[in-house]
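**Student:** Structure below; questions to follow.
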Amino acid sequence: MKRILKLAVFGIAAIAAFSSCSKNEDVPSQKDIETKIIGKWKKMKHDGKDAVTNKRTIWTFNNDGKGTQSLADYKEGDKTFIWDNKEPIQYSIQGNILHSISPDVEHTATIPFINDNQMTMHVTKIISRGVDVKESYVAECSKVTADYSQDIIGMWEGVEMTGDETYGDANHRIEYKADGTYVYYDKDGDDWKLSEDVDNEYNVDGDWLASRWRPKAGEDFEYEWWDIDEIKDGTMKWSALREKEDGTRYTTTFTWKKIQ
């Protein structure tokens with residue numbers, strides 16, 4: 001009931017806001033947004049700067065006011081991670097204002113631009129787990145047409161890694177399972193040894209991959225994120241834009257071969 005009331009209140013406010021700018025012919029119409037927004041979108045830029053891979057958000061909008069949202073992000077407010085693995089959302093559009101609600105996050109954003117492949121959202125309000133986050137930003141999003149969620153299933157062996165390491169080099173194997181879990185193997189001489197990691201989960205949403213695991217039972221989760229550039233002819237290629245604590249950025253890549 002609270003969510004319905006929120007949407008109702010939002011509708012009144014949105015109509016008022018839209019009427020004030022309806023004379024601007026550059027603002028996309030509600031009908032145009034409702035038509036073009038259908039599909040999967042990935043945040044590529046944040047306030048004009050390339051978004052690092054671990055800060056991606058993937059939104060999927062269906063034509064019935066429902067969809068999904070994927071992200072894995074640390075929330076400073078409550079010192080916890082949000083792990084949204086294709087979490088269901090409800091959304092509404094009033095004028096050029098988009099309002100979406102997921103179990104963890106509620107967004108309000110204006111859409112000043114959208115076409116078949118690109119969308120700009122000015123996020124003006126964020127409520128994270130009931131807490132009003134004092135943040136606004138401009139997200140530039142690209143339409144995602146690839147879907148690697150089935151292609152990734154199977155056993156993969158590392159071939160090459162470039163750039164700084166995060167949690168290891170290419171001397172590893174991963175078996176991705178259809179239930180959203182995976183098994184990780186370390187190379188020990190000529191043998192492959194099952195990793196001690198537990199609670200291994202992954203999420204492929206379009207061409208974005210998020211993984212999490214615990215080094216040992218009871219410990220906190222570790223996280224890693226990649227963009228899947230290609231899965232073709234038994235080869236999988238990843239890349240990621242990462243940022244160090246001092247703000248410097250670097251790109252790393254990973255190539256895998258499928259062995260079963």
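**Student:** Quick one: in the range 228-260, of everything that is under 21 Å from residue 148 (Cα atoms), among the acidic types (Asp, Glu) and touching a Lys or Arg at 6+ places or on another chain (Cβ under 8 Å), which residue is most open to solvent (accessible area, probe 1.4 Å)?
**Tutor:** 229
**Student:** Name the pairs: first residue in the range 52-73 and surrounded by fewer than 19 Cβ atoms within 10 Å (Cβ to Cβ), second residue modelled with pLDDT of 95 or more and aliphatic (A, V, I, L, M), Cβ to Cβ under 6 Å, at least 6 apart or on different chains?
**Tutor:** 52/241; 63/38
Yes or no, residue by residue, for (1) under 14 Å from residue 206 (Cα atoms); (2) modelled with pLDDT under 95:
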| position | (1), (2) |
| --- | --- |
| 44 | yes, no |
| 53 | yes, no |
| 72 | no, yes |
| 97 | no, no |
| 120 | no, no |
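**Student:** I'd like to check something: does the range 86-94 contain any residue that is over 17 Å from residue 42 (Cβ atoms) and open to solvent by 70 Å² or more (accessible area, probe 1.4 Å)?
**Tutor:** Going residue by residue through the range 86-94, those that are over 17 Å from residue 42 (Cβ atoms) are 88, 90, 92-94.
The next check asks that each one be open to solvent by 70 Å² or more (accessible area, probe 1.4 Å); those that pass are 88, 90.
Among the residues of the range 86-94, at least one is over 17 Å from residue 42 (Cβ atoms) and open to solvent by 70 Å² or more (accessible area, probe 1.4 Å), which makes the answer yes.
**Student:** Does residue 179 satisfy the criteria of being out of contact with any strand residue (DSSP E or B) (no Cβ under 8 Å at 6 or more places or on another chain), open to solvent by 20 Å² or more (accessible area, probe 1.4 Å), acidic (Asp, Glu) and at pLDDT 95 or above?
**Tutor:** yes
**Student:** What number goes with the only condition from (1) modelled with pLDDT of 95 or more; (2) in a strand (DSSP E or B) that residue 64 does not pass?
**Tutor:** Residue 64 satisfies all of (1) modelled with pLDDT of 95 or more; (2) in a strand (DSSP E or B) except (2).
**Student:** For the range 103-141, which residues satisfy the criterion of being crowded, with 16+ Cβ neighbours inside 10 Å and closer than 15 Å to residue 40 by Cβ?
**Tutor:** 114, 119, 121, 139, 141
**Student:** Pairs only if they're at least six apart or on different chains, beta carbon under 8 angstrom, first in the range 155-173 and in contact (Cβ under 8 Å) with a residue 24 or more places away in the chain, second assigned to a loop (DSSP other than H, G, I, E, B) and surrounded by 13 or more Cβ atoms within 10 Å (Cβ to Cβ); list them, first residue then second.
**Tutor:** What qualifies is 158/170; 158/171; 159/170; 160/170; 161/170.
**Student:** Now a separate question. Can you tell me which of (1) open to solvent by 60 Å² or more (accessible area, probe 1.4 Å); (2) modelled with pLDDT under 95 is the one residue 27 doesn't meet?
**Tutor:** The number of the failed condition is (1).
**Student:** Follow-up question, since we're still on this one. Looking at the range 74-95, which of the residues that are assigned to a strand (DSSP E or B) and basic (Lys, Arg) is modelled with the lowest pLDDT?
**Tutor:** Here is the first cut: in the range 74-95, the ones assigned to a strand (DSSP E or B) are 74-75, 80-94.
Next cut, basic (Lys, Arg) only: 75, 86.
Values: 75: 70, 86: 97.
Taking the candidates together, the pick is 75.
The values are calculated or read from the model by the stated rules, or taken from the named source; none is laboratory data. Remember, it's a predicted structure, so these values are computed and weren't measured experimentally. As a convention, Cβ positions derive from the backbone with ideal geometry for all residues, glycine included, and neighbour counts pool all protein chains shown. The accessibility values were calculated without ligands, DNA or RNA, using every heavy atom of the protein model including side chains. Shrake-Rupley method; radii C 1.70, N 1.55, O 1.52, S 1.80 Å.
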